[in-house]
1. State yes or no: is residue 55 within 30 Å of residue 138 (Cα to Cα), outside the structural domain of residue 129 (by TED's automatic domain parsing), without any contact (Cβ under 8 Å) to a residue 60 or more places away in the chain and buried (at least 22 other Cβ atoms within 10 Å of the Cβ)?
2. With the condition being within 24 Å of residue 121 (Cβ to Cβ) and within 16 Å of the chain's Cα centre (by Cα), I'd like the helices (runs of 4 or more DSSP H) fully within the range 1-103 carrying at least 2 qualifying residues.
3. Under the condition of being surrounded by fewer than 21 Cβ atoms within 10 Å (Cβ to Cβ) and within 17 Å of the chain's Cα centre (by Cα), which residue from the range 111-129 is farthest from residue 61 (Cα to Cα)?
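The values are calculated or read from the model by the stated rules, or taken from the named source; none is laboratory data. As the structure is a computational prediction, the values presented were derived from the model and not from experiment. Reconstructed Cβ throughout: ideal geometry from the backbone, glycine too, with neighbour counts over all protein chains shown.
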């Protein structure tokens, strides 16, 4: 994987700034442009980070299908990505796919609990755990 080309890095940085400012549509556009720069070369870990970032922005925009598509691409290469699992579980929950949501949430929580030195859950891990609780109540 390694480093992103400078153009992709600049686009990613702009997307991150916009995300922090709450400009989620603009952020999505810049993440998409950065991913386009990577097309045809293996984005590796950096490509997965861009997909995860775009999924986070899509989640804010309630584009749940976009979230699921991006997270699924990440998880195909990195099945233990807590960010992708947690974001996909929230998107599944929002589209009433509670069985899938619960499975992703369960996996996200167990990955975090088994992480070396990580006894506590991250913010996303906690959101996954809450999602799991809601799915179980709904069953």
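1. Numbers: within 30 Å of residue 138 (Cα to Cα): yes; outside the structural domain of residue 129 (by TED's automatic domain parsing): yes; without any contact (Cβ under 8 Å) to a residue 60 or more places away in the chain: yes; buried (at least 22 other Cβ atoms within 10 Å of the Cβ): yes.
Considered against the rule, which asks whether it is within 30 Å of residue 138 (Cα to Cα), outside the structural domain of residue 129 (by TED's automatic domain parsing), without any contact (Cβ under 8 Å) to a residue 60 or more places away in the chain and buried (at least 22 other Cβ atoms within 10 Å of the Cβ), residue 55 comes out as yes.
2. Details: elements: 6-20, 24-38, 44-60, 64-77, 82-94.
Those helices (runs of 4 or more DSSP H) span 6-20, 44-60, 64-77, 82-94.
3. Taking the range 111-129 and keeping what is surrounded by fewer than 21 Cβ atoms within 10 Å (Cβ to Cβ), we get 111, 113-124, 126-127, 129.
Subset that is within 17 Å of the chain's Cα centre (by Cα): 111, 121-124, 126-127, 129.
Details: 111: 27, 121: 25, 122: 22, 123: 20, 124: 17, 126: 21, 127: 18, 129: 22 Å.
Restricting to residues being surrounded by fewer than 21 Cβ atoms within 10 Å (Cβ to Cβ) and within 17 Å of the chain's Cα centre (by Cα), the top hit is 111.
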